[in-house]
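Worksheet: one structure, shown below.
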Amino acid sequence: MTQGDLSEAATACPRLTVRVHARVDGGQSLEVLVGHHPDDELRGQLASLFSHPAIATYRHVSFSASGPTMPDTDFRWVLDAIATVRPAGFDRLFVSSARIMTFDGVARLCADGARLGSANWATHYRGNFPAIRTLDLRDALLSWHDCVWPDLESLALSPRHAERGLTWARSVLAASGSFPRLREVRFPENYGDELVAALLESALLPQLRRVDVTDNITDRGAQLLHDHADRVAHLDELWIGSTGHRRRYFEHMHRETEYPRGTLEVGNAWASRLRARLGSMLRFKQRRGHPDL
């Protein structure tokens with residue numbers, strides 16, 4: 001691992017695990033693993049790390065909760081700790097593995113056009129989030145408290161729980177007044193058919209120009225899109241994925257690890273019906289350059 005000038009600062013913070021990852025675009029991202037339980041020493045180490053001059057070179061930063069879970073501790077204390085040293089605005093900020101995480105006033109840590117994301121057990125979003133352009137939600141539970149995202153352009157939903165997760169995902173899709181500039185919705189993984197059904201009933205749909213469900217719907221989702229083609233006719237692009245991609249993946253699982261768990265792709269018959277009904281907006285291939293966090 002190459003961390004440049006940050007190595008010395010990381011060594012001086014033994015209660016933090018600091019990792020640097022290479023990005024596809026040639027840059028580097030910083031991952032910091034932090035214990036759930038806050039105390040003055042841990043807050044001080046976070047402040048020391050993020051006040052180091054080399055931190056400005058890392059524009060993509062993620063925090064992961066580690067160690068024993070503290071059920072009553074809100075992991076937002078981590079962002080509060082680094083906000084005191086006012087690091088340069090991040091282009092990408094992601095928080096994962098926390099039992100409880102609250103995002104409130106986080107915009108002060110993000111640069112204009114930033115990407116924000118969460119993958120926690122329970123995440124709470126409150127208030128106004130200007131400057132955020134991409135939001136990636138991968139939580140088990142999520143609460144939405146009068147949020148406004150005035151600049152958001154792309155929203156990705158990947159709920160991690162079949163019942164509770166789909167409930168919050170539906171509530172987000174129903175919050176049309178929260179996203180005045182939203183133009184893209186993506187369902188990268190988990191419950192694609194159910195999310196398509198929710199989107200077709202959402203007041204957000206008319207303002208969208210791109211919907212991306214790449215390799216995350218089955219024939220059931222394809223039939224929904226076919227039967228309600230009038231509701232998606234205004235889209236510029238509808239990304240479905242590459243026929244056979246999931247099948248090859250599950251065949252590999254069958255050979256190497258375990259039996260496949262059902263069909264997770266659109267079959268040739270429904271793919272053909274979609275092409276006939278929706279025409280040039282459809283994309284049956286792997287989309288390059290996904291704005292994933």
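Where a number appears in this text, it was derived from the coordinates with a stated rule and is not lab data. Predicted model, so just to flag it, every value in this text is computed and none were measured. Please note: Cβ atoms are built from the backbone with ideal geometry, for glycine as well, and neighbour counts cover all protein chains shown.
Report the full-extension gain for the segment Val148 to Ser7: residue separation times 0.36 nm, less the Cα-Cα distance, to one decimal in nm.
So the chain would gain 46.9 nm between Val148 and Ser7.
³J(HN,Hα) across the range 216-231 via Karplus (A = 6.51, B = -1.76, C = 1.60, θ = phi - 60°), whole Hz, x for Gly/Pro?
Whole-Hz 3J(HN,Hα) from phi for the range 216-231: 9, 10, 10, 4, 5, x, 5, 5, 4, 5, 5, 6, 10, 4, 5, 7.
Once you have the Kirkwood Rh of the chain from its Cα pairs, apply Stokes-Einstein at 20 °C and 1.002 mPa s and quote D in µm²/s.
105 µm²/s
As a footprinting exposure proxy, order Glu265, Glu31, Glu163, Glu201 by other Cβ within 10 Å, with the fewest listed first.
Glu163, Glu201, Glu31, Glu265
Give the relative contact order (percent, whole number) for the range 1-152; include only Cα pairs under 8 Å separated by 6+ residues.
16 percent
Counting other beta carbons within 10 Å of each residue's own, what order do Thr123, Thr84, Thr102 fall into, fewest first?
Listing Thr123, Thr84, Thr102 from fewest to most nearby Cβ atoms yields Thr84, Thr102, Thr123.
When only C-alpha pairs under 8 Å and at least 6 residues apart count, what is the relative contact order of the chain, in percent?
10 percent
Short version: ³J(HN,Hα) in whole Hz for each residue of the range 270-286, in order, from phi by Karplus 6.51 cos²θ - 1.76 cosθ + 1.60 (θ = phi - 60°), x for Gly and Pro, what are they?
Residue by residue, the range 270-286 yields 6, 4, 5, 5, 5, 4, 5, 8, 10, x, 6, 6, 6, 10, 9, 6, 7 Hz.
Per-residue HN-Hα couplings for the range 158-169, Karplus 6.51 cos²θ - 1.76 cosθ + 1.60 at θ = phi - 60°, whole Hz, x for Gly and Pro?
9, x, 9, 9, 4, 8, 5, x, 5, 5, 5, 4
Who wins for biggest fluctuation among Ser51, Ser272, Ser154 in a Gaussian network model of the chain, springs between alpha carbons below 10 Å?
Ser272
Nearest 500 deg cm²/dmol is fine: what mean residue ellipticity at 222 nm does the chain get from its DSSP H runs of n ≥ 4 alone, each adding -39,500 (n - 2.57), divided by its residue count?
Taken over the chain, the calculation gives -7500 deg cm²/dmol.
Just to check, using Stokes-Einstein with a Kirkwood Rh over alpha carbon pairs, what's the diffusion coefficient of the range 1-152 at 4 °C and 1.567 mPa s in µm²/s?
Approximately 83 µm²/s, per Stokes-Einstein.
Provide Ile55, Ile132 in ascending order of the number of other Cβ atoms located within 10 Å of each residue's Cβ, fewest first. List each step's numbers first, then the result.
On the way: Ile55 20, Ile132 24.
In order of increasing Cβ crowding within 10 Å: Ile55, Ile132.
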